[in-house]
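*Asks:* Dropping a structure here in C-alpha cells format, bear with me for questions.
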Amino acid sequence: MAVAIYPGSFDPITFGHIDIARRAQKLFDRLVIAVVANPHKNSFFTLDERVHLTRQALLDEGILGIDVTSYDGLLVECARTHGADAIVRGLRANSDFEYEFQMALANRDLAPEFESVFFMTAGKFSFLASSMVKEVASYGGSVASFVPACVERALRDKLTRH
Ligand code: ADP
C-alpha cells in the first residue's frame, strides 16, 4: 500500500491545493494532508481553523478518503508516524522550484526512505496562492473562484472580526 503525505500551511486551502490533492489521490492508496503548526510563520488562521477548513473544503468538493492531520516540528517525523512512502508537493511557475528543490534535498538527507513527488498544477491555478487570496479578501474582493465557499465565508467572518 503506497501512502503519501501532503504537507503545507494551508492558510487557507485553495482550489490549487485541492487540484494537487486530487492528482495525488489517483496515484496513492492513501493520502494524508498534514497542516503544519509553523510557529515562526504568522498565519492568518489558527492551526485548528486551518485543519477544520481543509476538512470542510474537501467535503464541499466531494472528495472523500483523504485524512487531514496537523504536525509540529520535522515533516519527516510526521511522515514516519503515518507510515508514508512519499512526500507530495505542488509546483506552480518556476518560482516554486528553487524552494521545493532545497526542501526535498534537506528531507532526503534527513530521511532517505521518503521520495518527494511533485505534481504540476492546472494552468488556471498557476498564479493562485493563499497569500493572494487573503490579500484580495482583505480589500473586499470576491475570492469565489479561488477557494471553496466555506473558506470564503471563514475569510469574511475573520476579516470582519479583525
Ligand atoms: P508551505 O508554507 O509549506 O509552502 P502552502 O500551503 O503555501 O504551504 O503550500 C503547500 C504546497 O502546495 C506547496 O507545495 C505549494 O507549492 C503547493 N501549492 C500551493 N498553491 C498551489 C497552487 N495554486 N497550485 C499548485 N500547488 C500549490
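*Asks:* Search the structure for amide H atoms under 5 Å from the amide H of Ser116, placed 1.01 Å from N in the peptide plane, and list their residues when 5 or more places away or on another chain.
*Replies:* Distant-sequence amide H within range of Ser116: Ile87.
*Asks:* Would you mind getting me the FRET efficiency between Ser95 and Leu27? Use the beta-carbon distance for r and R0 = 25 Å, nearest 0.05.
*Replies:* In this case the efficiency is close to 0.50.
*Asks:* What residues qualify as long-range amide H neighbours of Tyr6, i.e. H under 5 Å apart, gap of 5 or more or another chain, H built at 1.01 Å from N?
*Replies:* The answer is Val32, Ile33, Ala34, Val88.
*Asks:* What number, rounded to the nearest 500 deg cm²/dmol, is the helix-based mean residue ellipticity at 222 nm of the chain, given -39500 (n - 2.57) per DSSP H run of at least four residues and division by all its residues?
*Replies:* -14000 deg cm²/dmol
*Asks:* If the cut-off is a Cα-Cα distance under 27 Å, which lysines reach Lys26, setting aside same-chain residues fewer than 8 apart in sequence?
*Replies:* Those lysines meeting the cut-off are Lys124.
*Asks:* Give, in nm to one decimal, the length gained when the segment between Gln102 and Leu74 is fully stretched (0.36 nm per residue of separation minus the Cα-Cα distance).
*Replies:* 8.6 nm
*Asks:* Tell me, Glu113, Glu152 in order of fewest to most beta-carbon neighbours within 10 Å?
*Replies:* The fewest-first ordering by Cβ neighbours comes to Glu113, Glu152.
*Asks:* If I take every Cα pair under 8 Å that is 6 or more residues apart in the chain, average their sequence separation and divide by the length, what percent do I get for the relative contact order?
*Replies:* For the chain, the relative contact order is 30 percent.
*Asks:* What are the ³J(HN,Hα) couplings of the range 124-131, residue after residue, when phi is run through the Karplus curve with 6.51, -1.76, 1.60 and θ = phi - 60°? Round to Hz, x for glycine and proline.
*Replies:* 5, 10, 5, 9, 7, 9, 4, 4
*Asks:* I want to verify a result. In a Gaussian network model of the chain, Cα cutoff 10 Å, which of these has the top mean-square fluctuation: Thr121, Thr81, Thr14?
*Replies:* Result: Thr81 has the largest fluctuation of those listed.
*Asks:* So how much slack lies between Arg161 and Leu110, counting 0.36 nm per residue of separation and subtracting their Cα-Cα distance, in nm?
*Replies:* 14.2 nm
*Asks:* Using a simple charge model, +1 on the beta-carbon of Lys and Arg, -1 on the beta-carbon of Asp and Glu, nothing else, what dipole does the chain show about its Cα centre, in debye to the nearest 20?
*Replies:* 420 debye
*Asks:* Ok, one more. Output wanted: per-residue J couplings in Hz (rounded whole) for the range 49-56, from phi through Karplus 6.51 cos²θ - 1.76 cosθ + 1.60, θ = phi - 60°, x for Gly and Pro.
*Replies:* 5, 5, 5, 4, 5, 5, 4, 5
*Asks:* Next up: Pull out the extension gain between Ser145 and Ala129, defined as 0.36 nm times the separation in residues minus the alpha carbon to alpha carbon distance; nm, one decimal.
*Replies:* The span from Ser145 to Ala129 would gain 4.5 nm if fully extended.
*Asks:* Give a residue-ordered list of calculated ³J(HN,Hα) values for the range 15-24 (Karplus: 6.51 cos²θ - 1.76 cosθ + 1.60, θ = phi - 60°; whole Hz; x for Gly, Pro).
*Replies:* In residue order, the calculated couplings are 4, x, 4, 5, 4, 5, 4, 4, 5, 5 Hz.
Just so you know, all these numbers are worked out from the coordinates, no wet-lab data involved. Owing to the predicted nature of the structure, the values given are computational and were not obtained by experimental measurement. Heads up, the Cβs are rebuilt from the backbone with ideal geometry, glycines too, and the neighbour counts pull from every protein chain shown.
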